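The values are calculated or read from the model by the stated rules, or taken from the named source; none is laboratory data. Everything quoted here is computed from the prediction, not taken from an experiment. Every residue, glycine among them, receives a Cβ derived from its backbone with ideal geometry; neighbour counts consider all protein chains shown.
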Amino acid sequence: MVGHDTARDVYRQALPVILVSLVAGLFAGTILGSETMRAGISEVPGLLLLLPAFLATRGGVYGSLGARLSTGLHQGVIEPRFRLDRRLTNAIVASFINGMSVSVFIAVVTYLWLTFLGTEGDLLQLVGIMVVAGMLSAGLMISVLIVVIFTGYRRGLDPDNVIGPVVTTLGDVFGVFFLLVGIYAVGAVL
């Protein structure tokens, strides 16, 4: 891979991913505006409060994973193969732990904020929803990131040019969807 991309190369590599992100973002909005999602939001106090934080942290946590993998590929310390080695395993485990920790933290802070505002919330319900949504989003995002980064790198794409839109799109579309799954999974248990 050439060391310095021109602006044209960056644009050529990133534009298709950005266009797919645009369409997927509209899809995420459709899920968020659906009757099913509105019903789920209305039955769980605090869900609308934690939604932006949950979506934002998906990009932060898994964007860091993408950056680590990209840097490892550029430095030659990670091979673009679907084989676990120590560096790849450590990056995956760290991202998973960070993603789950921040999900639980968001639920606790949301509960505390609701209590401060005098609104009744259910800590167990919020944590349960965030654990389900966090685990599902972690599994999907880690898997897709590895496939996109390794496949793109082997085909001559610079992962730095495509990983941002991929992470943002996955986090938004599947974050909203997995929150909905978490609402109904936890609702079925509680």
Q.
Please count how many residues of the range 21-46 are more than 21 Å from the chain's Cα centre (by Cα), of a type in the set (A, V, I, L, M, F, W, C) and surrounded by fewer than 15 Cβ atoms within 10 Å (Cβ to Cβ).
A. 1
Q. Tally time: how many residues in the range 44-74 are of a type in the set (Val, Ile, Thr) and modelled with pLDDT under 90?
A. 1
Q.
Against the definition (at pLDDT below 90 and basic (Lys, Arg)), how does Arg87 come out, yes or no?
A. yes
(Q) over 27 Å from Phe150 (Cβ atoms) and in contact with a Leu (Cβ under 7 Å, 6 or more places away or on another chain): which single residue out of Thr30, Thr36 fits that description? (A) Thr36
Q) Which residue, of Leu69, Leu157, Leu65, Leu145, is outside any helix (DSSP H, G or I), more than 23 Å from Leu49 (Cα to Cα) and either touching a strand residue (DSSP E or B) at 6+ places or on another chain (Cβ under 8 Å) or not basic (Lys, Arg) (or both)? A) Leu157
Q. What are the residue pairs meeting all of these: first residue in the range 145-158, first residue more than 13 Å from Val17 (Cα to Cα) and in contact (Cβ under 8 Å) with a residue 60 or more places away in the chain, second residue surrounded by fewer than 18 Cβ atoms within 10 Å (Cβ to Cβ) and charged (D, E, K, R), Cβ atoms under 8 Å, and 6 or more apart or on different chains?
A. Phe150/Arg81
Q) Restricting the range 128-173 to residues that are under 23 Å from Tyr111 (Cα atoms) and crowded, with 21+ Cβ neighbours inside 10 Å, which is nearest to the chain's Cα centre (by Cα)? A) Gly171
**Q.** Where Leu50 falls short, out of the listed (1) more than 15 Å from Ser137 (Cβ to Cβ); (2) surrounded by 20 or more Cβ atoms within 10 Å (Cβ to Cβ)
**A.** (1)
